[in-house]
Amino acid sequence: YGGLLTSQGDWVYLSRMDEDLAIYKMRADGSDYQRVGEASGTSLNVVGDWLYYINNSDGSKPYKIRTDGSMKTKINNDNCLFLSVSGEWMYYSNFSDGGCLYKVKTDGTEPMKLTDEIVIFPCVAGDWVYYCEKKPENAGFCRVSVEGGSPQTIIAATMGNYCIEGDWIYYNNADTIWRVH
């Protein structure tokens, strides 16, 4: 599972693996610990008053719920993994279409396929969606514009986890931490 923890302002949101991925929130100091409605899932993203997540108990469909636990809503019927939300757009690996990268508005409208490759770990940073290609040979760390277009390979290697901080990408490969600009 990925995306089990996120934060916004003074609130921390988390999925509890010991409770079938039930989603909770609490203040950063540990106070006000409470369940977020009946939500449970992974790939937590909070934007404004909405918490976006993948509902694993409903075939990995993308959902949203208000941060107060109200208005739980299925966004679409795609079987998705590795959800990343930026503004009014969601980016995800769409396994209803073989794992290709898609974007859709947070209200479920205007779906758009961004790549033909199988992708994992998409993450939006600025005007780019970064991701790892998942293929048996010649895998790579790539990016594509949030508007679509030709993907660019940044690192032609199989990667583990990565993090984007400012203009730097940090990643691990074979027990070594690397960074690239």
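Throughout, read-outs are computed from the coordinates displayed, never taken from laboratory work. Only a predicted model underlies this, so the values are computations on that prediction, with no experimental measurement involved. As a convention, Cβ positions derive from the backbone with ideal geometry for all residues, glycine included, and neighbour counts pool all protein chains shown.
Side notes on the structure shown:
- Among the lysines of the chain, pairs at least eight places apart or on separate chains and with Cα atoms under 13 Å apart come to 8.
- Cα-based convex hull volume of the range 1-98 per residue, rounded to whole Å³: 89
- Taking amide H as placed 1.01 Å from N in the peptide plane, Val46 has its amide H under 5 Å from the amide H of Tyr52, each at least 5 places away in sequence or on another chain.
- Computed over the chain, the ratio Rg/Rh where both radii use C-alpha atoms and Rh is Kirkwood: 0.97
- As a length-normalised measure over Cα pairs under 8 Å and 6 or more apart, the relative contact order of the chain settles at 9 percent.
- Total formal charge among the other residues, if their Cβ is under 13 angstrom from that of Leu21, Lys/Arg +1 and Asp/Glu -1: -3
- Both the radius of gyration and Dmax for the range 93-181 are 13.2, 41 Å, in that order, over alpha-carbon atoms.
- The smallest convex shape that holds all Cα atoms of the range 139-179, its convex hull, gives 76 Å³ per residue.
- Per-residue 3J(HN,Hα) values for the range 6-21, derived from phi via the Karplus relation 6.51 cos²θ - 1.76 cosθ + 1.60 with θ = phi - 60°, read 8, 8, 8, x, 8, 10, 10, 10, 8, 9, 9, 5, 6, 10, 6, 6 Hz in sequence order (x marks Gly and Pro).
- For the range 31-78, the relative contact order works out to 30 percent when only alpha carbon pairs closer than 8 Å and six or more residues apart are counted.
- The Rg/Rh ratio of the range 62-138, with both radii computed over alpha carbons and Rh defined as the Kirkwood radius, is 1.00.
- Projected label points at Arg66 and Gln34, each 7 Å from Cα along the beta carbon direction, are separated by 1.2 nanometres.
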